[in-house]
Amino acid sequence: MAGIFITLEGPDGSGKTTQIAYLRTLFEREGFTVVQTREPGGTPIADRIRSLILDPAHREMTARTEALLYMAARAQHTAELIRPALHRGAVVISDRYTDSTLVYQGVARGLPQEALVWLNRFATEDLVPDLTLLLDGESGNLAQRVADRGNRDRLDSEGLEFHQRVRAGFLRLAEQNPGRFRVIDGEQPVENVRWAIEKCVMEFLRKRGR
């Protein structure tokens, strides 16, 4: 495929929503056509599934149900939006993708990693991001950010221990996939985070000869 697939990952409160807009501007400045999206969501069907997953009223949802709903949304998202955009030569930037499932439902919820890896491959037809920017931060500080912004969804409302497992899971994935992941301190001032993102992107583009 002619396009570039970039994902932003990280614990809740790490600043992904703030930085993804800058990342889009950065690629547009370099002359790329950009498609910005998110998971779960990105298409009408996936957005409907998102509302089920994140609704705080659904406290009884099991970990396996949660994981399968994420996979259903991802399958539609990948087929309807991501792959067509990449075939058109666009840069696709997604707020979360397969790594979030391995961490939230795998590490934090305790579901078997090998099953989630297989389901991710099935849902995406083996589509892997070209670059993943992981925004990191101390779990207690990020939890406070989430509390300060209010309007918490079902996953935001999990306890501190859950989010500590999430952070540890992301850092482990980054260690296991150094060629794809770049870890950025999301607790820095916003401008410092932007500078770090730009440095990672420019290095990535140079390596691709762009």
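When the stretch 22-34 is filtered for residues that are in contact (Cβ under 8 Å) with a residue 12 or more places away in the chain and farther than 17 Å from residue 132 by Cβ, the ones remaining, listed by number, are 30, 32, 33.
Is one or more of the residues making up the stretch 75-96 more than 20 Å from residue 24 (Cβ to Cβ) and open to solvent by less than 10 Å² (accessible area, probe 1.4 Å)? Taking every residue of the stretch 75-96 in turn, none turns out to be more than 20 Å from residue 24 (Cβ to Cβ) and open to solvent by less than 10 Å² (accessible area, probe 1.4 Å). For the stretch 36-49, a tally of residues being open to solvent by 30 Å² or more (accessible area, probe 1.4 Å), over 14 Å from the mean Cα position of the chain (by Cα) and not acidic (Asp, Glu) returns 3.
Results for (1) within 25 Å of residue 74 (Cβ to Cβ); (2) more than 15 Å from the chain's Cα centre (by Cα); (3) surrounded by fewer than 20 Cβ atoms within 10 Å (Cβ to Cβ), shown as yes or no for each residue.
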{"residue": "121", "(1), (2), (3)": "yes, yes, yes"}
{"residue": "132", "(1), (2), (3)": "yes, no, no"}
{"residue": "160", "(1), (2), (3)": "no, yes, yes"}
{"residue": "186", "(1), (2), (3)": "yes, no, no"}
{"residue": "191", "(1), (2), (3)": "no, yes, yes"}
{"residue": "210", "(1), (2), (3)": "no, yes, yes"}
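Taking the stretch 164-182 as the range and being more than 17 Å from residue 96 (Cβ to Cβ) and of a type in the set (A, V, I, L, M, F, W, C) as the test, only 168 passes.
Please specify each residue of the stretch 80-97 satisfying the condition of being within 17 Å of the chain's Cα centre (by Cα), within 15 Å of residue 126 (Cβ to Cβ) and in a helix (DSSP H, G or I). Show your work before the answer.
Here is the first cut: in the stretch 80-97, the residues within 17 Å of the chain's Cα centre (by Cα) are 81-83, 91-97.
Still in the list and also within 15 Å of residue 126 (Cβ to Cβ): 82-83, 97.
Listed by number, the residues that qualify are 82, 83.
The values are calculated or read from the model by the stated rules, or taken from the named source; none is laboratory data. The structure displayed is predicted, hence computed values, not measured ones. Here the Cβ is made from the backbone with ideal geometry for all residues, glycine too, and neighbour counts use every protein chain on show. These area figures cover heavy atoms from the full protein model, side chains too; ligands, DNA and RNA do not enter into them. Shrake-Rupley method; radii C 1.70, N 1.55, O 1.52, S 1.80 Å.
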